Amino acid sequence: MASRRRFLEGVSLLPLASGFSMPAAVKGAGRTAKAGRDYFKELGIRPFINAAGTYTAMTASLMAPEVMDAIEYASRQFVMLDELHDRVGERLATLLRSEAAMVTAGAASALTLGTAGVLTGTDREKIAALPDLTRMKSEVIIQKAHRFGYEHAVRNCGVKLVEVETADDLDRAVGAQTAMMLFYNNNNKEGRIPDEEFARLGRKHGVPTLNDAAADVPPVENFWKYTAMGFDLVAFSGGKGIRGPQSAGLLLGKKDLIAAARLSAPPNGNTVGRGMKVNKEEMLGMLAAVERFLALDHASEGREYARRADVVARSASAVPGVKADVFVPEVANHVPHVRISWDGATEAAAAAAVTAMRDGEPSIAIRNEKDTLVVGVWMMRPGEEATVGRRLREVLERRRPTV
């Protein structure tokens, strides 16, 4: 099973001519456009039904009305950014059962700022020096199975990643230059040191641990699961399952480390994170998104996703030789998806089906994992599951005998 990050790395290479836009996944998400300019049409961009998932290249998710209301509210007034940062962080920390919290410019920004905070503390000279690590520790331990496509966000701070495979390896790797231990939550089952043990080893050695859990809500309890487990810092994306601003994220964790991370974030200048600006609109939008997400009936939402997945699966499997099953990824994007395969399928055939869905009418984005198709239902607008099922059946009926 390809991870959401591996898929993102591939989908970023798709031609822009294909066009991308985003339907929402829950009843009431998104809002009716006011009469006026059709900007996408003017720009020659073709919107599509999102039957893939919360991928950055596909602009992730649609913001909920509550989020847009908060953004519009913030856009009409001036405030001091640091004061807003403080107050929003305090509210988020209470809601998410963490010592401290901050809004970041996405999960990658949270990784950079969290690493910077660990390295520099509140030393202003060290903050200005990054990525020059003179007088600072320079190594971050990571499991070999946890190497991933976004680790550059950590390496931005100048550190060297030190690979380990076992707990004994980790014990031997810890030394005078060990600054932090990095965990990629999506690969929890692939590494030989599971999450709880990894956090325990960090405490044993007195080394801060950072968990990249970018796409790992839902379930909602993951917001506090990893800090309660003992991770010192945890990063989340804001524009995926939470449906906040796509350019925002969350960094949760120890109060001293969050305070240090804040010093490398805007509005502070001459820092490694200066370009990772979060404006007042995104801060309030992120707060509204979290408040909304915590108040959702997640059981009811899960049943709705399962119903949509069943509609798509039944439509696809009506084609002779096609098999469709509903599954829930164990970690990232933990909601019902549909996996579709057929007799004699190849990777080229599956890729051709993805292209046919995208190029058809309406345009629909799905994805393939080698020789199978994968449909994500949670970013669809209500009712779009029937359209996706119908188009899938048409594409499979037309292509299955010849590919």
(request) With the checklist (1) surrounded by 14 or more Cβ atoms within 10 Å (Cβ to Cβ); (2) touching an Asp or Glu at 6+ places or on another chain (Cβ under 8 Å) in hand, flag the one item A324 doesn't pass. (result) (2)
(message) Against the condition more than 23 Å from M229 (Cα to Cα), of a type in the set (S, T, N, Q), open to solvent by less than 70 Å² (accessible area, probe 1.4 Å) and out of contact with any strand residue (DSSP E or B) (no Cβ under 8 Å at 6 or more places or on another chain), how does N156 come out, does it pass?
(response) yes
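Here is a list: A386, A365. Which entry is at pLDDT 95 or above, of a type in the set (G, A, S) and open to solvent by 10 Å² or more (accessible area, probe 1.4 Å)? Write out each step before concluding.
Details: A365 fails: open to solvent by 10 Å² or more (accessible area, probe 1.4 Å).
Result: A386 is the single residue among A386, A365 that is at pLDDT 95 or above, of a type in the set (G, A, S) and open to solvent by 10 Å² or more (accessible area, probe 1.4 Å).
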(message) Being under 22 Å from V217 (Cα atoms) and open to solvent by 10 Å² or more (accessible area, probe 1.4 Å) is the filter here; which residues of the range 174-192 pass it?
(response) N186, N188, K189, E190, G191
(message) If I ask for residues that are open to solvent by 10 Å² or more (accessible area, probe 1.4 Å), part of a loop (DSSP other than H, G, I, E, B) and more than 17 Å from H146 (Cβ to Cβ), which ones from the range 193-229 would you list?
(response) G206, P218, P219, V220, E221
(request) Residue by residue through the range 321-342, note down the ones that are in a loop (DSSP other than H, G, I, E, B) and free of Cβ contacts under 8 Å to residues at least 24 places away in the same chain. (result) V328
(request) Name every residue in the range 116-133 that is assigned to a helix (DSSP H, G or I), open to solvent by less than 20 Å² (accessible area, probe 1.4 Å), hydrophobic (A, V, I, L, M, F, W, C) and closer than 21 Å to M181 by Cβ, in order of residue number. (result) A116, L119
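With the structure loaded, tell me whether A57 is small (G, A, S) and either at pLDDT 95 or above or touching a Cys at 6+ places or on another chain (Cβ under 8 Å) (or both) or whether it fails that test.
Working: small (G, A, S): yes; either at pLDDT 95 or above or touching a Cys at 6+ places or on another chain (Cβ under 8 Å) (or both): no.
So A57 fails the test.
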(request) Please state which of the following conditions R274 fails to meet, knowing it meets all the rest: (1) out of contact with any Phe, Trp or Tyr (no Cβ under 8 Å at 6 or more places or on another chain); (2) open to solvent by 10 Å² or more (accessible area, probe 1.4 Å); (3) touching a residue at least 24 places away in the same chain (Cβ under 8 Å); (4) on the phi < 0 side of the Ramachandran plot. (result) (3)
(request) Scan the range 301-312 for residues that are free of Cβ contacts under 8 Å to residues at least 40 places away in the same chain and of a type in the set (A, V, I, L, M) and jot them down. (result) A306
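Is it the case that some residue within the range 96-108 is part of a helix (DSSP H, G or I) and at pLDDT 90 or above?
Residues of the range 96-108 that are part of a helix (DSSP H, G or I), as a first pass: 107-108.
Then keep just the ones that are at pLDDT 90 or above; that gives 107-108.
Yes, the range 96-108 contains at least one residue that is part of a helix (DSSP H, G or I) and at pLDDT 90 or above.
The values are calculated or read from the model by the stated rules, or taken from the named source; none is laboratory data. Since this is a predicted model, take the numbers as computed values, not measurements. Note that each Cβ is placed from the backbone with ideal geometry, even for glycine, and that neighbours are counted across all protein chains shown. Keep in mind that these areas ignore ligands, DNA and RNA; they rest on the heavy atoms of the full protein, side chains included. Shrake-Rupley method; radii C 1.70, N 1.55, O 1.52, S 1.80 Å.
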